[in-house]
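Working notes for the structure below.
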Amino acid sequence: MEQTFVMIKPDGVQRGLIGDIVYRLERRGLRLVAAKLMQVSRQLAEKHYEEHRDKPFFGELVSFITSGPVFAMVWEGQGAIAVVRQMMGKTNPQEAAPGTIRGDLALSIGMNVVHGSDSPESAAREIALWFGGETPLKYERSM
Ligand code: CMP
């Protein structure tokens, strides 16, 4: 079954949006298989966002993601990567459709409350990076 990495960023945690975001993903039928509330180190932030290293906003991005706790998760389900991307809405919340997480809960591209893997390759890389030493739970859905 497909898995994707999802992170509620420091703005989402500070604003008390963990429950809202988890609620949406659960109701859609995705299954939470790993989660942790954690303070991100500079080293982890730089690795996570390494594809953006040359972008002008890289420094700002790393500072923001290390500014407070994040809620890191692995979600599983059919087409989980694309489904989560669709549910998050466009990266820039001002362009995100109402009904999406960013379209309902955010305004700024820097503080866009949530991150989700954008491809099977990045999902595999991000799950290994954030949960490498841990094995996501396997459990059958009975309902
Ligand atoms: P995310 O999905 O976490 O992946 C990279 C992040 O970079 C993105 O969400 C945005 O929060 C952030 N980002 C993208 N463009 C900009 C920008 N122009 N200024 C600041 N942050 C940006």
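Read the figures in this text as sums done on the coordinates, not as results from a lab. Note that the structure is a prediction, hence the values are computed from the model and not measured. So basically every Cβ, Gly included, is an ideal-geometry build from the backbone, and we count neighbours across all protein chains shown.
Quick notes on this one:
- Pairs meeting the criteria (first residue in region 2-15 and under 10 Å from ASN112 (Cα atoms) and in contact (Cβ under 8 Å) with a residue 24 or more places away in the chain, second residue in a loop (DSSP other than H, G, I, E, B) and within 12 Å of the ligand (Cβ to nearest atom), beta carbons under 6 Å, at least 6 apart or on different chains) are LYS9/VAL113; ASP11/MET111; ASP11/VAL113; GLY12/VAL113.
Each row is one residue, and each column tells you yes or no for (1) within 25 Å of GLY132 (Cα to Cα); (2) within 16 Å of the ligand (Cβ to nearest atom).
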residue: TYR23; (1), (2): no, no
residue: ARG31; (1), (2): yes, no
residue: LEU37; (1), (2): yes, no
residue: SER41; (1), (2): yes, no
residue: LEU44; (1), (2): yes, yes
residue: ASP54; (1), (2): no, yes
residue: PHE57; (1), (2): no, yes
residue: GLU60; (1), (2): no, yes
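- Contacts under 6 angstrom Cβ, first residue in region 90-108 being closer than 14 Å to ASP11 by Cβ and touching a residue at least 40 places away in the same chain (Cβ under 8 Å), partner of a type outside the set (Gly, Ala, Ser) and within 11 Å of the ligand (Cβ to nearest atom), 6 or more apart: ILE101/MET88; ILE101/VAL114; LEU105/VAL113; ALA106/PRO93; ALA106/ASN112; ALA106/VAL113
- Residue match in region 67-86 (condition: within 22 Å of GLN3 (Cα to Cα) and hydroxyl-bearing (Ser, Thr, Tyr)): no
- Hey, MET87 touching a residue at least 40 places away in the same chain (Cβ under 8 Å) and either more than 10 Å from the ligand (Cβ to nearest atom) or outside any loop (DSSP other than H, G, I, E, B) (or both) or not: yes
- Residue tally, condition acidic (Asp, Glu), out of contact with any Ser or Thr (no Cβ under 6 Å at 6 or more places or on another chain), in a helix (DSSP H, G or I) and under 18 Å from MET38 (Cα atoms), over region 90-136: 0
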